[in-house]
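The values are calculated or read from the model by the stated rules, or taken from the named source; none is laboratory data. Please read all numbers here as calculations on a predicted model, not as lab measurements. Cβ coordinates were reconstructed from backbone atoms using ideal geometry, including for glycine residues, and neighbour counts include every protein chain displayed.
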Amino acid sequence: MEFDLQQLVRNNIKNLQPYSSARHEFTGKASVFLDANENAYGSPLPDGATIAAYNRYPDPLQWQLKFQLTRIKGVPAENIFIGNGSDEVIDLAYRIFCEPGKDNVIICPPTYGMYQVSANINDVAIKKVPLTPSFELDVEGILAAADSNTKLLFICSPNNPTGNNMNRQSVEILLNNFHGIIIIDEAYINFSKQKTFIQELTGYPNLIVMQTLSKAWGLAALRLGLGFASMDIIDLFNKVKPPYNINEASQQIALEALQQTPQVNEWIREVVQEKEILASALQSLSFVQKVYPSDANFILVKVTDANALYDYLAAHEIVVRNRTKEMHCDNCLRITIGTPTENQRLITILQQYK
């Protein structure tokens with residue numbers, strides 16, 4: 001069956017007249033701006049501070065930032081959406097495609113928690129098709145669970161909290177047979193051996209790929225999530241988003257950071273190396289039952305008593321994530337890869353645990 005995007009879009013979104021901001025309406029050259037009711041005198045910041053024109057509204061479509069991302073990602077700027085964190089991308093997908101109280105989506109636990117939280121906020125039913133005990137997609141279960149009101153399928157790869165990539169062939173089967181939108185969350189793709197799905201956008205009009213500048217790029221405080229999709233889907237996201245969803249400070253800092261690709265690549269190499277060192281050290285501990293393979297910047301570790309070990313580490317001012325309540329993650333802790341010094345401190349404290 002040929003994919004028809006309009007069949008998935010909510011009627012009120014099809015008919016929506018988006019807000020037209022001053023900066024959206026005028027795109028030419030000007031020296032005097034009297035159209036947006038801004039403070040023309042400037043911003044009350046310290047003398048000598050390196051600032052952009054913060055008294056002016058930012059580019060609502062963040063074109064300069066998208067052009068830089070095009071250089072790095074190899075995707076046309078028109079196929080990029082920039083959100084206030086990936087959570088905005090997730091929320092917009094619900095608001096564009098899912099009719100509250102009627103439609104449903106599929107998630108595959110254990111996985112990123114905001115898929116379910118955003119569904120609850122938007123009054124959209126959740127169908128859970130758990131990963132297998134080896135943390136792989138249940139392709140047959142997903143296709144069997146889908147019905148005419150299933151609009152979205154979320155796939156996190158590398159997955160959070162398990163750290164593994166989803167089998168690529170399984171994802172491709174779903175892309176070819178699932179009749180809704182498939183959102184692949186690649187927040188940790190920079191640390192992975194598997195190639196990104198953004199190069200598959202031209203082949204799959206039902207595909208949205210999410211990435212982020214929070215992890216490998218070290219810009220978590222800026223809240224910059226990325227969505228890659230067909231121009232038709234990106235147009236819908238731009239239609240529904242708030243007019244100035246990304247502030248000027250975040251845009252300017254991100255533009256500077258995107259010039260530092262060699263530094264980021266060096267950090268990625270070090271994280272991957274430190275992950276191997278930490279995994280090896282953890283496997284030598286008597287209370288560690290399993291260290292799961294990871295293509296992310298964290299490790300999932302099964303221990304004899306996750307609650308007790310979590311409390312022990314907290315008492316030594318080391319914070320990890322207790323995932324023992326997640327499906328298939330009984331007595332598991334998720335440990336982010338820190339600096340060599342932080343990782344060595346963790347190992348030393350763990351070696352003293354009894």
*Got a sec? Which of 74, 28 is in the same structural domain as residue 196 (by TED's automatic domain parsing) and small (Gly, Ala, Ser)?*
74
*residue 66 at pLDDT 95 or above and of a type in the set (Lys, Arg)*: yes
*How about the stretch 100-116: which of its residues are farther than 16 Å from residue 144 by Cα and either without any contact (Cβ under 8 Å) to a residue 12 or more places away in the chain or hydrophobic (A, V, I, L, M, F, W, C) (or both)?*
113, 114, 116
*Among (1) touching a helix residue (DSSP H, G or I) at 6+ places or on another chain (Cβ under 9 Å); (2) more than 22 Å from residue 234 (Cα to Cα); (3) among the aromatic types (Phe, Trp, Tyr), which single condition is residue 41 missing?*
(1)
*Output the residue which, of all residues in the stretch 189-223 that are of a type in the set (A, V, I, L, M) and part of a loop (DSSP other than H, G, I, E, B), is surrounded by the most Cβ atoms within 10 Å (Cβ to Cβ).*
213
*Quickly run through the stretch 1-24 and pick out the residues that are surrounded by fewer than 10 Cβ atoms within 10 Å (Cβ to Cβ) and charged (D, E, K, R).*
2
*Conditions: (1) of a type outside the set (D, E, K, R); (2) touching a Cys at 6+ places or on another chain (Cβ under 9 Å); (3) assigned to a loop (DSSP other than H, G, I, E, B). Residue 100 meets all but one. Number of the miss?*
(2)
*Of 236, 309, which residue is crowded, with 20+ Cβ neighbours inside 10 Å, at pLDDT 95 or above and assigned by TED's automatic domain parsing to the domain that holds residue 345?*
309
_Identity of the residue in the stretch 49-106, of a type in the set (Phe, Trp, Tyr) and within 17 Å of the chain's Cα centre (by Cα), that ends up farthest from residue 139 (Cα to Cα)_ = 81
